[in-house]
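Shown next, in structure tokens, is the structure this report addresses.
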2 protein chains.
Amino acid sequence: MQKIHNLSKNQKIIFDLIDKSGGPMKAYSILFNVQKKGIKAPLQVYRALDKLVEIGKIHKIESRNAFIACQNSSCQVSKATAFSICESCENVSEISNSKLSKYLSNFSDNSGMKYSKYNLEFFGLCKKCKSK
Amino acid sequence: MQKIHNLSKNQKIIFDLIDKSGGPMKAYSILFNVQKKGIKAPLQVYRALDKLVEIGKIHKIESRNAFIACQNSSCQVSKATAFSICESCENVSEISNSKLSKYLSNFSDNSGMKYSKYNLEFFGLCKKCKSK
DNA sequence: TAACAGTATGTAATAATATAACATTTACAA
DNA sequence: TTGTAAATGTTATATTATTACATACTGTTA
């Protein structure tokens, strides 16, 4: 059961922008794009991003300092995320592979640590860039 | 066969500092610590860090913007890295688990992408913090 | 409806992280 | 000894993110 979050005005503006872009967006590029809608300051963007990440509507691509809309309704509130990143064209997509997510969610070792969350980033060349 | 890299003066100073610290260090904290050794500017630090990452002597913890000495001679030149991060005390350690690394190195899906590299970060509470 | 609590917003300033551009020097193989 | 790649030094600046403080909105409950 996915909890329904009613997005606030700024959250909605920013989520819609990222979602429509279809790819990762950086915070200051988001800021630039929403200035015409009245969002003027970095903090307004970061606050909305924080909330959207918290509720799982977007994810942060840590190695790129960028944010992408969640494409996978089953990755509940961003506790288990995996991405593939093309090092040539910087295309990013979310991997939804149930074997992989099961394997990682159940992973444990002898460190005594209880893992509650993970983020995985794969790098390589996408189909297009490979054939160039 | 591990290639031997002779570290330059700055690279050695910075690697030794990170290695001795035993944990992740941030770039500007490194800078502060090596100023007495004549390294005065951020760029000198970042250049050494870039090189050390490239040759696999250190890894970047992406979610923390921090750098840690490689504790695992088998993770050749940082192509396959996994870390566990305590969200309470921020302790970080490198996971060396051959099953995990085999599983991830061999991972492929139907995206047509060839993965040549990955970075995985697990989050949770370490033994100490769990028992508080 | 009034009072309250929690969430969201607005604004300015600043902190923290990282790179560009350019000049010079060192290491070392041809 | 000369050519070349790597490393260094320095200044300035770009990029990413947070602190601090004031105000407003939303929904609950007394």
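Rule-based calculations on the coordinates, nothing more; no lab input. Since the model is a prediction, treat every value here as computed from it, not as a measurement. A quick note on method: Cβ atoms are made from the backbone with ideal geometry, for glycine too, and the neighbour counts reach across all protein chains shown.
Could you check the simple spin-label distance between B:Leu43 and B:Ser29, using points 7 Å along Cα→Cβ, in nm with one decimal?
2.6 nm
Could you derive backbone 3J(HN,Hα) for the range B:47-58 from the dihedral phi with the Karplus parameters 6.51, -1.76 and 1.60 (θ = phi - 60°), listing whole Hz in sequence and x where the residue is Gly or Pro?
Result, rounded to whole Hz: 5, 5, 4, 4, 5, 5, 5, 4, 8, x, 7, 9.
If you average 1/r over all unlike Cα pairs in the range A:9-69 and invert the result, what Kirkwood radius do you get in angstrom?
For the range A:9-69, the Kirkwood estimate is 11.1 Å.
Does chain B classify as rounded, prolate or oblate by the C-alpha gyration tensor (a ≥ b ≥ c root eigenvalues; a/c under 1.5 gives rounded; else a/b over b/c gives prolate, otherwise oblate)?
oblate
Please give the Cα centre distance for the range B:1-67 versus the range A:90-132, rounded to the nearest Å.
27 Å
So for chain B, taking the charge dipole from beta-carbon charges (+1 Lys/Arg, -1 Asp/Glu), which of B:Ile85, B:Ile68, B:Leu120 sits furthest toward the positive end?
Of the candidates, B:Ile68 comes out farthest on the positive side.
If neighbour count is taken as other Cβ atoms inside 10 Å, put A:Tyr115, A:Tyr28, B:Tyr46 in order from fewest to most.
With the fewest neighbours first, A:Tyr115, A:Tyr28, B:Tyr46 line up as A:Tyr28, B:Tyr46, A:Tyr115.
At a Förster distance of 25 Å, what's the computed FRET efficiency of B:Tyr103 paired with A:Asp50, Cβ-Cβ distance as r, to 0.05?
Computed FRET efficiency for B:Tyr103 and A:Asp50 comes out at 0.20.
Can you give the FRET efficiency to the nearest 0.05 for B:Asp16 and B:Glu90, using r as the Cβ-Cβ distance and R₀ = 35 Å?
0.95
If you line up the long axis of helix B:9-21 against the longest principal axis of chain B, both from Cα atoms, how many degrees apart are they, to the nearest 10?
60 degrees
Can you list, bin by bin at 10 Å, the percent of alpha carbon pairs in the protein assembly as shown, starting at 0?
Pairs per bin, as whole percents: 6, 26, 32, 26, 9, 1.
What are the label-to-label distances in nm, one decimal and shortest first, from A:Gly38 to the same spot in the other copies, with labels 7 Å along Cα to Cβ?
From this label point to the equivalent ones elsewhere in the assembly: 5.9 nm.
Students often get this wrong, so check it: of B:Lys9/B:Lys128; B:Lys79/B:Lys99; A:Lys102/B:Lys132, which have C-alpha atoms separated by over 26 Å?
Over 26 Å apart, Cα to Cα: B:Lys9/B:Lys128; A:Lys102/B:Lys132.
Report, in deg cm²/dmol and to the nearest 500, the calculated mean residue ellipticity at 222 nm for chain A, where each DSSP H run with n ≥ 4 adds -39500 (n - 2.57) and the sum is divided by the residue count.
My calculation for chain A gives -10000 deg cm²/dmol from helical runs alone.
Using the number of other C-beta atoms within 10 angstrom as an exposure proxy, rank A:Cys86, B:Cys89 with the fewest first.
Lowest to highest Cβ neighbour count: B:Cys89, A:Cys86.
Relative to the compact-globule scaling 2.2 N^0.38 Å, provide the ratio for the alpha-carbon radius of gyration of the range A:76-130.
Rg over 2.2 N^0.38 Å, computed on Cα atoms: 1.35.
May I ask you to evaluate 6.51 cos²θ - 1.76 cosθ + 1.60, the Karplus curve with θ = phi - 60°, for each residue of the range B:103-110 and list the ³J(HN,Hα) values in order in whole Hz, giving x for glycine and proline?
Rounded to whole hertz, the list is 4, 6, 5, 8, 4, 8, 10, 8.
Starting from the 7 Å offset along Cα-to-Cβ, what nm value, one decimal, do you get for the label separation of B:Asn110 and A:Lys114?
Rounded to a tenth, the inter-label distance reads 3.7 nm.
Using modelled amide H (1.01 Å from N, peptide plane; none on Pro or chain starts), what sits under 5 Å from the amide H of B:Lys117, excluding residues fewer than 5 places away?
Placed amide hydrogens put A:Phe123 under 5 Å from B:Lys117.
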